[in-house]
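A short worksheet on the structure shown next.
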Amino acid sequence: MNLDSFIADNVAVAVGKLYGAPAPDGSIQISATRKEFEGDVTLVTFPLLRISRKSPEATAEEIGACLKASLPQIESYNVVKGFLNLKISPSYWSDALARIASDAGFGQGTPTGRTVMVEFSSPNTNKPLHLGHIRNNLLGWSVSRLLEVAGNKVIKVNLVNDRGIHICKSMLAWLRRGNGVTPQSSGVKGDHLVGDYYVEFNKMLKDETEAALRDAGIDPANATDEQKAEAQRNTECQKAAQSMLLRWEQGDPEVRALWEKMNGWVYDGFDTTYKNLGISFDKIYYESQTYLLGKSLVEEGLAKGVFYRREDGSVWCDLTSDGLDEKLLLRGDGTSVYMTQDLGTACKRHEETGFDEMIYVVGNEQNYHFQVLKLILGKLGFDWADAIYHLSYGMVELPEGKMKSREGTVVDADDLIEQMYRTAKETSLESGKLEDMAPEEQDKLFMMLGLGALKYFIIKVDPRKTMLFNPRESIDFNGNTGPFIQYTHARIKSVLRKAAEQGIEPALTGAGLLPKEIELIKIMAGFPDKIQEAAAAHSPALVANYAYNLAKEFNQYYHDVTILRESDAEVRSQRLELIATIARVLVKAMDILGIELPERM
């Protein structure tokens with residue numbers, strides 16, 4: 001039981017004893033004591049006045065005296081107007097440290113019996129993963145780990161958008177301009193090679209669009225958006241790509257063979273990037289395998305009158321009564337859209353798992369899409385539609401602005417990982433502390449630091465916020481960064497190694513605690529509650545900033561307090577046990593974020 005619950009339960013007992021009536025529901029309000037007052041926790045007495053029938057000050061005084069008389073854990077109390085501030089005894093914090101230190105599963109929540117499916121990554125097979133995908137993957141992974149630690153059964157899934165007009169564009173450009181090039185013949189990673197031809201297609205499209213505008217007597221530089229869109233629709237390459245998509249859906253063997261070959265190149269590339277990021281999935285779904293189920297749902301919806309068909313053969317859902325607009329579900333030529341396959345995939349997943357919650361980790365530009373998905377599933381009669389949750393996150397921007405895939409101006413994930421490795425290497429070597437470390441051990445450390453910097457810098461930001469990513473800033477060994485926490489762990493491990501060399505063992509000895517030590521124990525004791533809070537908010541940023549706060553407090557303690565040079569053996573051993581426990585809690589917190597902590601730096 002945490003401290004707030006312990007105090008609240010005993011306040012309830014005291015209220016019943018003092019006033020002969022139970023405290024009304026929700027009337028016992030406990031919070032951390034404000035820094036300007038003495039105490040650890042504060043009871044707000046105003047909601048209790050209707051049963052005490054006394055002034056706020058008198059009520060607080062009576063409850064404080066009752067608690068002090070009955071609980072050895074209460075060292076003292078003071079009253080400030082209607083607020084009862086309680087100071088907890090050092091013995092309580094000693095016991096708390098003992099519980100944390102001895103609990104191998106500290107922080108792990110009680111099993112909830114709930115199954116939560118988390119979909120993240122969801123790449124298209126026409127381009128490599130980029131910085132935006134990195135935020136998606138890191139957020140999806142850490143949310144999954146967070147929900148697992150909170151006590152849920154979690155299924156991590158990926159939906160690969162392996163069909164559609166996007167891959168047809170890459171396929172068409174490769175056919176026309178690739179000259180049979182392959183990843184093997186070019187030495188280019190497969191997803192990069194296919195992405196290059198997606199960019200190439202858009203160059204072809206741009207050239208043909210501008211030529212069509214000039215043929216119509218329109219200066220491309222002065223053309224309206226409507227004129228550009230009309231000209232683009234009528235270009236030969238756009239029509240050829242659309243025709244290829246239709247042939248794919250009709251099962252054309254030649255198109256399907258090319259599609260399988262080029263997607264295979266992409267999957268090999270994705271697997272390498274996922275491995276480098278430390279990302280894995282429990283199951284991978286493919287749009288090509290679920291869109292037909294989506295089409296069958298659309299047919300069912302037509303039969304039920306949920307959808308309607310227009311004269312051109314396209315199928316729509318009218319959501320105007322829900323405050324939205326009309327949503328396309330099937331094009332006039334019978335080809336499907338993203339919504340079609342998402343309907344099919346959602347149903348397939350629920351049939352397979354009976355999930356209690358389905359979390360889609362997708363950027364905030366798709367807010368409307370998931371609002372529509374829930375509405376349509378509900379209209380189709382699926383009572384689990386409300387179990388869908390869109391974890392809508394902000395975009396990642398760079399100091400130079402936004403990225404554009406079709407123009408080839410994205411920050412590639414593989415290049416960024418390599419850049420983080422190099423930056424970590426440069427920063428570490430400048431310290432001059434790694435001369436006695438073997439080269440292969442150094443390389444492992446540089447990758448650990450580089451990925452730790454990247455992951456932490458992205459995850460520490462509230463998922464809902466747009467963020468600016470600066471690689472150099474993220475690798476800083478000071479401030480709220482991954483390397484700062486990694487360095488803190490390495491520092492603790494260094495102290496513990498030196499203690500072992502001197503034959504000094506960490507131990508709980510019952511020695512008195514300093515105020516700074518109590519503060520550290522209080523922070524650690526709050527770890528399980530922080531996990532539950534973060535899980536409820538779907539925000540691993542709360543865990544990241546918790547870890548930073550613990551690391552920061554430790555470094556202040558380390559600066560001010562003697563550990564190995566402490567002359568009192570019992571105090572020294574207990575301080576070693578305290579910092580060893582801090583290291584273990586940091587490892588648990590950072591593991592949720594997918595970040596490794598080094599033994600030395």
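The values are calculated or read from the model by the stated rules, or taken from the named source; none is laboratory data. No experiment lies behind these values; they were computed from the predicted model shown. So basically every Cβ, Gly included, is an ideal-geometry build from the backbone, and we count neighbours across all protein chains shown.
The residues listed here are SER243, SER336, SER314; of these, the one that is under 30 Å from ASN136 (Cβ atoms) and small (Gly, Ala, Ser) is SER336.
At least 3 residues being without any contact (Cβ under 8 Å) to a residue 24 or more places away in the chain, over 25 Å from MET339 (Cβ atoms) and of a type in the set (Lys, Arg) is the threshold, and among the helices (runs of 4 or more DSSP H) wholly inside the stretch 208-308 not one reaches it.
A quick yes/no check of all residues on (1) modelled with pLDDT under 95; (2) among the β-branched types (Val, Ile, Thr); (3) surrounded by 14 or more Cβ atoms within 10 Å (Cβ to Cβ):
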residue	(1), (2), (3)
ILE7	no, yes, yes
VAL11	no, yes, yes
VAL15	no, yes, yes
TYR19	no, no, yes
GLN29	no, no, yes
THR59	no, yes, yes
ALA69	no, no, no
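Could you check the stretch 340-356 and list, in sequence order, the residues that are crowded, with 19+ Cβ neighbours inside 10 Å, in contact with a helix residue (DSSP H, G or I) (Cβ under 8 Å, 6 or more places away or on another chain) and among the charged types (D, E, K, R)? ASP342 - this is the single residue of the stretch 340-356 that is crowded, with 19+ Cβ neighbours inside 10 Å, in contact with a helix residue (DSSP H, G or I) (Cβ under 8 Å, 6 or more places away or on another chain) and among the charged types (D, E, K, R). Can you tell me which residue in the stretch 316-343 is nearest to GLN250 (Cα to Cα), limited to those that are touching a residue at least 12 places away in the same chain (Cβ under 8 Å) and part of a strand (DSSP E or B)? Only one residue tops the list, namely SER336.
If the condition is being surrounded by fewer than 19 Cβ atoms within 10 Å (Cβ to Cβ) and in contact with a strand residue (DSSP E or B) (Cβ under 8 Å, 6 or more places away or on another chain), then the stretch 42-55 contributes VAL44, PRO47. Only a single item in (1) assigned to a helix (DSSP H, G or I); (2) farther than 30 Å from ASN470 by Cα is not met by TRP141, and it is number (2). Checked against the criterion of being more than 30 Å from the chain's Cα centre (by Cα), surrounded by 13 or more Cβ atoms within 10 Å (Cβ to Cβ) and acidic (Asp, Glu), the candidates GLU249, GLU236, GLU287, GLU226 yield just one match: GLU249. Only residues that are under 19 Å from ALA65 (Cβ atoms) and either touching a helix residue (DSSP H, G or I) at 6+ places or on another chain (Cβ under 9 Å) or outside any loop (DSSP other than H, G, I, E, B) (or both): list them for the stretch 26-48, please. ILE28, ILE30, ASP40, VAL41, THR42, LEU43, VAL44, THR45, PHE46, LEU48, listed by residue number.
The combined condition, being surrounded by 20 or more Cβ atoms within 10 Å (Cβ to Cβ) and more than 16 Å from TYR286 (Cβ to Cβ), is not fulfilled by VAL337. Just one of the numbered conditions (1) in a helix (DSSP H, G or I); (2) aliphatic (A, V, I, L, M); (3) at pLDDT below 95 is not true of LEU434: (1). Selection over the stretch 50-91 of residues that are free of Cβ contacts under 8 Å to residues at least 24 places away in the same chain, in contact with a helix residue (DSSP H, G or I) (Cβ under 6 Å, 6 or more places away or on another chain) and closer than 14 Å to TYR19 by Cα gives a count of 1. Among residues of the stretch 8-25 that are assigned to a helix (DSSP H, G or I), those with a beta-carbon under 7 Å from a residue that is of a type in the set (Ser, Thr, Tyr) and buried (at least 18 other Cβ atoms within 10 Å of the Cβ) at least six positions away or on a different chain give the pairs TYR19/SER52. Checking GLN532, GLN486, GLN442, GLN502 one by one, the residue that is out of contact with any His (no Cβ under 7 Å at 6 or more places or on another chain), under 30 Å from LEU398 (Cβ atoms) and in contact (Cβ under 8 Å) with a residue 60 or more places away in the chain is GLN486 and no other. Residues of the stretch 457-480 include none that is closer than 23 Å to HIS559 by Cβ, at pLDDT 95 or above and either acidic (Asp, Glu) or crowded, with 18+ Cβ neighbours inside 10 Å (or both). Scan the stretch 36-54 and tell me whether some residue there is in contact with a Cys (Cβ under 7 Å, 6 or more places away or on another chain), at pLDDT 95 or above and farther than 25 Å from ILE518 by Cα. Taking every residue of the stretch 36-54 in turn, none turns out to be in contact with a Cys (Cβ under 7 Å, 6 or more places away or on another chain), at pLDDT 95 or above and farther than 25 Å from ILE518 by Cα. On the stretch given as the stretch 88-122, residues that are under 30 Å from ASP162 (Cβ atoms), part of a loop (DSSP other than H, G, I, E, B) and either among the polar types (S, T, N, Q) or more than 25 Å from the chain's Cα centre (by Cα) (or both) total 2.
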